[in-house]
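The values are calculated or read from the model by the stated rules, or taken from the named source; none is laboratory data. Note that this is a predicted model, so its numbers are computed, not measured. All Cβ positions, glycine included, derive from the backbone under ideal geometry; neighbour counts span all protein chains shown.
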Amino acid sequence: MPSSPAAAPSRPAAGGTEQLRRGNLSAALEVLHHHGPLRRAALTKRLGLNRSTIASVVGELQELGLAYESSPQSTGEGGRPSGVVGPSSDVVAIAVNPEVDAVRIGVVALGGRVLARSRIPAAADHDAAQVVAATTTAIDDLVHALPTRPRIAGVGLAVPGQVRVADGTVMQATHLGWTQVPIARMITDATGLPARAANAATLALRAESVFGPGRGIRDLVYFIGGASGIGGGALVGGQVLDGSAGYAGEFGHMLVAPHGAPCHCGSRGCLEAEIEPAELLDAVGLGFADADLLGDALRASTDPAVRSLVDRKAELLAYAVRDVVNLFNPEAVMLSGFLAALSGASGRDLAADAISSSRANLRLIHAPTGPDSLLVGGAELVFDAVLADPARAFA
């Protein structure tokens, strides 16, 4: 069955005064994290609680340092003035995305806002211990550069590979050369902070569906192209489809070219083996550090060789999009990273060959380029525990 991308701690069940109080805190903070800041009246309406209960909940969240409330101001619409309640930017998660080109570290506040970020070129051998050391140094540098000292709830790692979310062990990340690497435990040992890890593409999907252009879409297929290749995931009825062991969404290993190029997975003709970011970047004279410029560069190029490359690669991408549209009948297909750049430059209707009824109302969405969705998604792993039981988040 569909489930969340990383099993969040279960919320307190209603049944007693204490459980009800903690449940209300959890529900209110989740709304503020995902939708805030909101006027207190809007928060009251969204949660279906009475004014006195909301006043108590907001007051306690403020005491816990998890939320703020501005002074009430008149809206000019009559009635009692309502203050604005929002999640505290002083509560943060450290997000880490180890990639083949670089390790990206970000400080992400409640509400999904990236306060600071760092990009550290990756070591040639992608040694996990070196990633941990670089992360530890970057955390100190980033946190000390902030105007106020935040409260760090933990570290969330978005890893381009198959991750056992129960303990944050990377079972296999072929591009990094990692096999059974207990990366979450290694980060905790080095920093003293609780750490969790999950598949990078799944976490990016989660970020885009909560804070990005996928918000409100209940049936969504997501492709992301990054330095390590292609990944993805699917929302089915508003829930992430994660599979029996949590490894669903390996869209990069869809067959698009029988007898094609060899893939890191051991097969041939996989989508990520046939559409490589380096080939697209090289064609327009860019490196991985300039990947955000790829879309504009591809669209602007008048070189026949570049146009031919774009057409060939877009045709292969269309095979994959056709298949997921036929399989999932989604409301939307979202492309991110270099796949969005490729699709935008091609101008091709990627779902044109899908079953007509399945694509009748389909939307194709190009997500903004850049690594922030991976950082925000990594932070969500940390904020799961904060949202589940705010009263004990820093106990």
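Here are a few things to note about the model shown:
- Single match in 95, 122, 109 (criterion: without any contact (Cβ under 8 Å) to a residue 40 or more places away in the chain and closer than 26 Å to residue 170 by Cα): 122
- Residues of segment 281-292 satisfying the condition of being out of contact with any helix residue (DSSP H, G or I) (no Cβ under 9 Å at 6 or more places or on another chain) and buried (at least 17 other Cβ atoms within 10 Å of the Cβ): none
- Which listed residue is outside the structural domain of residue 174 (by TED's automatic domain parsing) and buried (at least 18 other Cβ atoms within 10 Å of the Cβ), from 305, 278, 318, 261: 318
- Under the condition of being surrounded by fewer than 24 Cβ atoms within 10 Å (Cβ to Cβ) and either polar (S, T, N, Q) or over 25 Å from the mean Cα position of the chain (by Cα) (or both), the residues counted in segment 325-342 number 2.
- Residue check for residue 316: over 25 Å from residue 216 (Cβ atoms) and in contact with an Asp or Glu (Cβ under 6 Å, 6 or more places away or on another chain): yes
- Odd one out for residue 350, checked against (1) out of contact with any strand residue (DSSP E or B) (no Cβ under 9 Å at 6 or more places or on another chain); (2) touching a residue at least 12 places away in the same chain (Cβ under 8 Å); (3) aliphatic (A, V, I, L, M); (4) not assigned by TED's automatic domain parsing to the domain that holds residue 120: (1)
- Against the list (1) touching a strand residue (DSSP E or B) at 6+ places or on another chain (Cβ under 7 Å); (2) assigned to a loop (DSSP other than H, G, I, E, B); (3) of a type outside the set (Lys, Arg), the condition residue 197 fails is (2).
- Looking across 162, 180, one residue alone is of a type outside the set (Phe, Trp, Tyr), assigned by TED's automatic domain parsing to the domain that holds residue 107 and in contact (Cβ under 8 Å) with a residue 24 or more places away in the chain. It is 162.
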